[in-house]
Amino acid sequence: MIQLENIEKYYETKKKRVIGVDQVSLDINEGEIYGIVGYSGAGKSTLLRCINVLERPTKGRVIVDGIDLLDLNSKQLRKARQSMGMIFQGFYLVSSKTVVENVSFALKAAGIGKLERNKRTLELLKLVGIEDKANQYPSQLSGGQKQRVSIARALANNPKVLLCDEATSALDPSTTKSILKLLKRINEEMGITIVIITHEMEVVKEICDRCAVMQDGKVIEKGKTYDIFANPVERLTKDFIQTVLDFQLPEALLKQCTGTLLKLQFRGDIAAESVVSDMLQQHKISGNILHGKVEYIKDKPLGVFIMEVNGESSEISSAIGYLEERLKQVEVIQYASR
């Protein structure tokens, strides 16, 4: 659906060239939810705006639904943008217009007649769950309700792509979950391809099929979201995942442990198997779970456990081999003190 080929975006100042996006290539499949994550200044919002050419790339190609947008003239580009809705962190609702008027404005701009506009607007408000707010003004709405109006407006012209620029950053955790649930439902029921820009790995974990991590204008890591969480490569990616899968033990507890400390990762279906119990039954060692957490990456479990094992070194080595065979992901983080 979306192909970004060697995208570069830089800005010339009197003193130097500022690079916003540096040779980024991405393929985003039709009907998937794709996350682009990075800290402030990483270039992710600039990259998103290159997709609908609100920011025109300095170099590269932007192909959406088989059309290279950079080859289009102004009129053709305006028409192509109608197939791409966009929602923002700041909502950008017209304060002097009601909810109905804010949503129907996009339809009016597209030349849709009044009767069809009214029908379509009410359908959209029902879809996003705020039909009872139709005649209220933005100042009367909560942040989550404003974002729902923004989503309804972005869907007005039946877009094939929905671009979300930090759409949940201004919302509290509970409201964020409800908005992400709505976006997931829109994706599943309407088949819309969704691209989400965020600095929150929790957002990626909840709904993204695949993701990319950006730093200094570059994509430093990309892949299936589950695989990124299960086996991050880059230091920045690990830091992001640490905000969700926090499994650091207190230093005081580490000093108290005299046995061998293991970090075990349980992926997919094996998270429900009795691997640790089987290991303890088959080896002459004792074990103690010190920390454990199971997260669900798009409904697929990923478990991380830290345990202390005690016994003869040969038995511990055998047990570790058994765990490695069953789990694949086993790390010795502290050897037994002698």
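Once you keep just the Cα pairs under 8 angstrom separated by 6 or more residues, what percentage relative contact order results for the range 1-80?
Relative contact order comes out at 35 percent.
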Subject >> Centroid-to-centroid separation of the range 34-85 and the range 127-149 [C-alpha atoms, Å] >> reply: 28 Å
Original post:
How high is the relative contact order of the chain, in percent, counting Cα pairs under 8 Å that sit 6 or more residues apart?
Top reply: 18 percent
Subject >> Highest-fluctuation residue, 274, 318, 96 considered, GNM on the chain with Cα pairs under 10 Å >> reply: 274
Subject >> Computed magnitude of the charge dipole of the range 111-224 (debye, nearest 20; Cβ of K, R +1, Cβ of D, E -1) >> reply: 400 debye
Original post:
With labels modelled as points extended 7 Å from the Cα through the Cβ direction, what inter-label distance (nm, one decimal) is found for residue 67 paired with residue 202?
Top reply: 3.9 nm
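In this model, which of 108/177; 126/184; 79/181; 16/238; 146/181 are farther than 27 Å apart at the alpha-carbon? List each step's numbers first, then the result.
Values: 108/177 31 Å; 126/184 16 Å; 79/181 30 Å; 16/238 32 Å; 146/181 16 Å.
Cα-Cα > 27 Å for 108/177; 79/181; 16/238; rest within.
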Original post:
Spin-label point model (7 Å from Cα, Cβ direction): what's the residue 227 to residue 252 distance in nm?
Top reply: 4.3 nm
Subject >> Computed over the chain, Kirkwood Rh from alpha-carbon pairs, angstrom >> reply: 22.6 Å
**OP:** Kindly rank 24-31, 154-161 from highest to lowest mean number of other beta carbons found within 10 Å of each residue.
**Re:** 154-161, 24-31
Original post:
Which angle from 0 to 90°, rounded to the nearest 10, does the C-alpha axis of helix 173-190 make with the longest principal axis of the chain?
Top reply: 70 degrees
Original post:
How far is helix 143-154 tilted off the main Cα axis of the chain, in degrees rounded to 10, range 0 to 90?
Top reply: 60 degrees
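At a Förster radius of 25 Å, what calculated FRET efficiency corresponds to the Cβ-Cβ distance of residue 59 and residue 238, to the nearest 0.05? Display every interim value, and only then the final one.
Values: r = 31 Å, r/R0 = 1.24.
Approximately 0.20, to the nearest 0.05.
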Original post:
Which of the listed residues, 145, 201, 282, is farthest toward the dipole's positive end in the chain, when Lys, Arg count +1 and Asp, Glu count -1 at the beta-carbon?
Top reply: 145
**OP:** Specify the angular offset, from 0 to 90 degrees and rounded to the nearest 10, of the alpha carbon long axis of helix 114-127 from the longest principal axis of the alpha carbons in the chain.
**Re:** 10 degrees
**OP:** Taking the dipole about the Cα centre of the chain, with the C-beta of Lys and Arg at +1 and of Asp and Glu at -1, give me whichever of 34, 262, 313 is farthest to the positive side.
**Re:** 34
Original post:
At residue 16 and residue 216, where each label point lies 7 Å from the Cα along Cα→Cβ, what is the point-to-point distance in nanometres?
Top reply: 1.2 nm
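Can you tell me which of 132-142, 166-176, 9-19 comes out highest on packing, and rank the rest after it, using the mean Cβ neighbours within 10 Å? Don't skip to the end; give the middle numbers.
Working: 132-142: 14.5, 166-176: 17.2, 9-19: 11.1.
Most protected by this proxy first, the peptides run 166-176, 132-142, 9-19.
The numbers here are math on the coordinates, done by the rules we state, and not lab data. Note that the coordinates shown come from a computational prediction; the quantities given were computed from them, not determined experimentally. All Cβ positions, glycine included, derive from the backbone under ideal geometry; neighbour counts span all protein chains shown.
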